[in-house]
Amino acid sequence: MTKFLLAVHVLAAIVAIGPVTVAASMFPPAARRALAAPDDARASETVRLLHRICRVYAAVGLAVPVFRFATAGAMGVMGDPWLITSIVLTVLAAGVLLVLVLPRQEVLVEGGGEGEGTGTGVATRQTTVQLAMFTGVFNLLWATVTILMIVRPGSTTGA
């Protein structure tokens, strides 16, 4: 049963988190292109599609920690420091995605990044730069969690 849970956990991480990290990384440059060419329907649709991928797969990604806890329980490692660290980093990554990345994407999809009382170019540039930075933080957190899952400090597997 442990191997099954581990396989489902890893597959869920690949299928759910992978698309979010890729789509979120592609979003800022796509948004800049769409904002530079407001009449380009294809560019606007690309931005909407990338945002939809991020939203949908963020929801699907909830399966990853569910299977992580099931797997950790079956393996008897719930109290191990590497697992606790990975849980904290996962919560941080989810927070960055839900609080910092998705709302900024929404601003760019819906309103073009315009801020009250500011010029379109300044507000848009600031929004896309912040979005790129927060997306990088999100991806870095996930990369760190992935490394912890592979290396597992203190593991008896020798990995």
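Read-outs: derived from the displayed coordinates by stated rules, not from any lab. Keep in mind that what you see is a predicted model, and the values were worked out from it rather than measured. Reconstructed Cβ throughout: ideal geometry from the backbone, glycine too, with neighbour counts over all protein chains shown.
Output the 0 to 90 degree angle, nearest 10, between the alpha-carbon long axis of helix 18-36 and the longest principal axis computed from the alpha carbons of the chain.
Approximately 10 degrees, to the nearest 10.
If you line up the long axis of helix 102-111 against the longest principal axis of the chain, both from Cα atoms, how many degrees apart are they, to the nearest 10?
20
Would you mind getting the Kirkwood hydrodynamic radius of the stretch 1-78 from its Cα pairs, rounded to one decimal in Å?
The answer is 14.0 Å.
How compact and how long is the chain, expressed as Rg and Dmax of its alpha-carbon atoms in Å?
Rg and Dmax of the chain, Cα atoms, are 18.3, 59 Å.
In debye, nearest 20, what is the charge dipole magnitude of the chain about its Cα centre with +1 on Lys and Arg Cβ and -1 on Asp and Glu Cβ, if you could check?
The dipole of the chain has a size of about 400 debye.
What is the mean projected area of the alpha carbon convex hull for the stretch 41-112, to one decimal in square nanometres?
5.4
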